[in-house]
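Report on one structure; see the data block that follows.
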Amino acid sequence: MKSLVLAEKPSVGKDLARVLGCRRGGRGYLEGPEYVVTWAMGHLVELADPGTYDSRYKTWKLEDLPILPKKMKFKVIKRTSRQFYLIKSLMKRSDIGLLIIATDAGREGELVARLIMKLASWKGPFKRLWISSQTSKAIKEGFGSLKDGHAYDGLYEAALCRGAADWIVGLNVTRALSCKYDVRLSAGRVQTPTLAMIAQREKERENFTGKKYWTVKGLFGKFYGVWRSPEGAARLFSREEAVKVAEAASNGEGFVTGLKKTVKNIPPPLAYDLTALQREANIRLGFSAKKTLSTLQSLYERHKIATYPRTDSRYITADMVPTLPGRLTSLKHTSFWPAAQKLLTQPLVPGKRFVNDAKVTEHHAVIPTGDPVLPENLDSDERKLMNLVIQRFLEVLSSPLVKEQSVIRIKVRNETFTARGERVIKRGWSSISGEGEQDSDGEDIEDIPYQMTTFPPEGSHVKVIEIKVHEEITKPPSRYTEGTLLGVMENPARFISNTALRASIASGGLGTPATRADIIEKILSNNYIEREGKTLRPTSRGMELLALVPEELTLPVLTARWEQRLARIAEGSEKSSLFLSEIRDKTVHLVREIRESTKKYTPVLSRGKKCPLCGQPMLERKDKHGRAVFACFALSCGYEEPVDTGSGFSRPPGRKEKALNRKLISRYSDHSESTSSFGDLVKAAEKRKKK
Ligand SMILES: [Zn+2]
């Protein structure tokens with residue numbers, strides 16, 4: 001009997017087939033003496049459309065809501081159905097005795113495989129390949145220690161629940177809002193609270209009024225000191241007061257009345273999980289969250305030099321420690337080699353900040369796999385991102401940075417000035433720089449001026465060179481970048497004013513590391529937020545949506561709690577039926593709130609195009625074939641036209657548009673006109689309206 005191996009996509013399937021010695025094969029699979037390897041193309045099965053439950057759900061009507069199927073139905077995705085039926089036929093082969101799930105080792109990957117098994121009615125035994133690297137070595141080891149398939153039943157349950165919850169909440173709230181206000185609006189379980197956080201920051205900025213304040217600074221020989229009140233405050237809120245302080249201190253002599261030195265051990269930062277890497281890459285490389293994920297995916301899957309991307313752990317397990325020298329050796333051809341070599345000459349004893357079995361659940365932190373890193377095989381983005389991964393990996397294995405920090409107090413007449421300085425005693429992890437350049441002698445360097453030179457000793461005199469008043473202004477909170485937004489999505493607790501509630505979601509975020517990039521992209525593509533340089537800001541459309549959505553859905557509490565419960569379902573400590581009945585109840589409640597709302601929709605009429613039929617604004621969006629169209633805002637109008645792509649040729653109208661145009665022409669025609677051009681008719685109609 002042979003085993004059927006199901007991979008997530010063709011490229012990964014072919015890698016597995018190579019390692020398993022499967023060379024023969026037809027379209028869509030590869031076969032060897034022991035295994036038959038086949039692959040999905042991402043999801044091959046999806047949740048059925050509302051129309052499947054009842055054909056009247058094909059049209060959007062407020063009175064049909066909420067739509068709450070008792071049991072969710074699934075369907076084979078048409079576009080890739082050929083591959084689905086191929087897998088099904090392989091499952092039916094009499095020489096296949098075991099199925100090995102080898103899809104992506106995470107919640108979505110589990111769902112990809114289980115839904116195929118469900119719709120293809122696989123009844124035989126199954127096992128799970130669970131690996132964190134795509135190297136040949138890791139694949140071989142993984143097949144040598146396959147897990148029991150049912151060990152991941154909880155994960156499958158959680159994935160099903162998440163899909164059902166997104167479908168139920170998203171579909172009902174989106175339809176309810178759109179029908180109620182006759183406008184295209186889209187809301188969802190995760191995207192709406194995320195949008196709300198961006199909008200709240202914008203409101204804080206709008207309501208912010210900068211306050212002027214003054215500081216007094218003194219130049220003492222080689223360093224500046226800042227004036228402080230006896231209570232320690234540096235800001236003065238009147239210019240006169242500041243001038244008075246400056247005058248009182250001018251022409252005086254300075255005495256050092258205190259010098260406090262403390263030695264600080266600063267441990268290296270933690271290794272990367274996906275969110276931390278996305279944040280860092282956004283700050284240092286300007287990458288979007290999505291770009292970091294797709295680049296990391298390629299480093300993992302294609303180049304096999306980085307470990308599993310969709311992880312939420314920043315640690316490795318104790319049994320991985322013996323693999324560390326091999327991972328360091330794999331850096332031989334990179335500019336980090338001198339630093340790696342230096343680490344290899346010492347015994348590696350990583351501490352609890354890197355090795356912690358309790359903090360690794362499904363996958364460990366993102367680190368090099370141990371396959372040789374060959375920078376010339378990487379494109380520029382891959383190289384930049386891999387450099388971040390390598391740098392952090394070397395940092396976590398290095399010793400702490402040791403600094404001496406000092407605070408000096410200087411008295412000039414009756415006024416006190418303070419200054420802070422620091423001196424690096426041991427560079428430790430901070431000596432590993434982005435480009436892998438090392439100090440030639442490799443020794444820790446004493447006395448590197450960091451921010452300030454050493455201060456004069458206590459009791460000594462210092463020369464007052466000048467005393468100056470500075471006018472400053474308080475700054476509004478900054479807009480989110482993708483990096484900072486990922487941070488608050490991971491930990492939205494600070495948006496919750498109720499302390500008990502805040503504690504209850506302490507570990508719950510909005511979305512998961514694997515889904516956050518897509519959520520941000522979705523809000524962008526819905527035109528609810530836009531990029532301004534590196535920052536994100538809500539559009540007027542986004543603000544309009546939030547004004548109409550039930551408040552509960554705009555707060556992170558609900559979603560963060562649901563996310564926590566999904567995690568418990570994955571662990572097997574909560575029943576999915578309980579969760580889904582709460583989702584249904586909440587949806588009933590949300591729909592009722594929208595239906596009974598007395599809110600009025602008041603669009604900020606955007607500059608752009610107006611609908612030739614009803615005068616509502618037109619919005620650029622993608623139709624279901626992915627083509628750019630201008631669509632009328634009003635749902636009941638439904639007018640659409642293709643966007644002129646600037647090529648000089650606009651896309652010929654599709655079947656639906658032709659039909660719609662005919663309808664419009666007949667509506668606008670008065671029988672005396674004989675032209676068939678829709679544009680002319682509209683112009684004529686508008687002229688008549690004005691008369
Ligand atoms: Zn219209």
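All of the numbers you see were taken from the coordinates with simple rules; none came from a lab. Note that the coordinates shown come from a computational prediction; the quantities given were computed from them, not determined experimentally. Note: ideal-geometry Cβ built from the backbone for every residue, glycine included; neighbour counts use all protein chains shown.
With respect to the chain, whose longest principal axis is taken over its alpha-carbon atoms, helix 274-285 is tilted by about 70°.
A cut-off of 5 Å between modelled amide H atoms, ignoring neighbours fewer than 5 places along the same chain, links residue 307 with 367, 369.
Taking the square roots of five times each eigenvalue of the Cα gyration tensor of region 268-328, the equivalent ellipsoid has semi-axes of 22, 14, 10 Å, listed largest first.
Each Cα pair under 8 Å and six or more residues apart adds its sequence gap; the mean of these over the residue count of region 2-145 is a relative contact order of 28 percent.
A Förster distance of 45 Å, applied to the separation of the beta-carbon atoms of residue 234 and residue 151, puts the FRET efficiency at 0.15. Contact order for the chain, expressed relative to its length and based on alpha carbon pairs under 8 Å spaced 6+ residues apart, stands at 15 percent.
Put simply, the amide H of residue 464, placed in the peptide plane, has neighbours under 5 Å in 254, leaving out anything fewer than 5 places away on its chain. Counting neighbouring beta carbons within 10 Å and listing from fewest to most, the residues 122, 562 come out as 122, 562. Measure nothing but the geometry: give the 0 to 90° angle between the long axis through the Cα atoms of 153-181 and the longest principal axis through the Cα atoms of the chain, rounded to 10°. It works out to around 80 degrees.
Projected over all directions and averaged, the alpha-carbon convex hull of region 274-396 occupies 7.0 nm². Sorted into 5 angstrom bins from 0, the C-alpha pair distances of region 2-145 split as 2, 9, 18, 21, 17, 11, 7, 5, 5, 3, 1, 0 percent. Taking trypsin sites (Lys or Arg not before Pro) across region 89-165, the ones in a DSSP loop with at most 15 further Cβ atoms lying within 10 angstrom of their Cβ are 92, 93, 123. Extension gain for residue 323-residue 123 works out to 68.1 nm (0.36 nm per residue, less the C-alpha to C-alpha distance).
Modelled spin-label separation between residue 627 and residue 49, with each label point placed 7 Å from Cα along the Cα-to-Cβ direction: 1.8 nm.
Beyond 27 Å, the tail of the calculated P(r) for region 115-247 holds 65 percent of the Cα pairs. Couplings for region 509-523, taken from phi via the Karplus curve 6.51 cos²θ - 1.76 cosθ + 1.60 with θ = phi - 60°, read x, 9, x, 10, x, 6, 10, 4, 4, 5, 5, 4, 4, 5, 5 Hz in order; Gly and Pro are left as x. Averaging the sequence gap over all C-alpha pairs within less than 8 Å and six or more residues apart, then dividing by the number of residues, gives region 274-396 a relative contact order of 35 percent. With all pairs of separate Cα atoms included, region 111-166 yields a Kirkwood hydrodynamic radius of 12.8 Å. Computed across the chain, the Kirkwood radius stands at 30.0 Å (inverse of mean 1/r, all Cα pairs). Calculated FRET efficiency, residue 342 to residue 379, Cβ-Cβ distance, R0 = 41 Å: about 0.90 to the nearest 0.05. Residue 360 sits among other residues whose Cβ lies under 12 Å from its own Cβ, and their net charge, with Lys and Arg +1 and Asp and Glu -1, is -3.
Applying the Kirkwood pairwise sum to the alpha-carbon positions of region 303-359 produces a hydrodynamic radius of 12.8 angstrom. Fewest neighbouring Cβ atoms within 10 Å first, the residues 1, 543 line up as 1, 543. Charge tally for residue 474 (other residues, Cβ to Cβ under 10 Å; Lys, Arg +1; Asp, Glu -1): +3. Of the peptides 189-200, 222-233, the ranking by mean beta-carbon count within 10 Å, highest at the top, reads 189-200, 222-233. Once the other residues with Cβ under 15 Å from the Cβ of residue 214 are scored (Lys, Arg +1; Asp, Glu -1), what is the net sum? With Lys, Arg at +1 and Asp, Glu at -1, the net is +2. Sorted on the mean count of surrounding Cβ atoms within 10 Å across their residues, most packed first, peptides 563-573, 457-467, 476-486 read 476-486, 563-573, 457-467.
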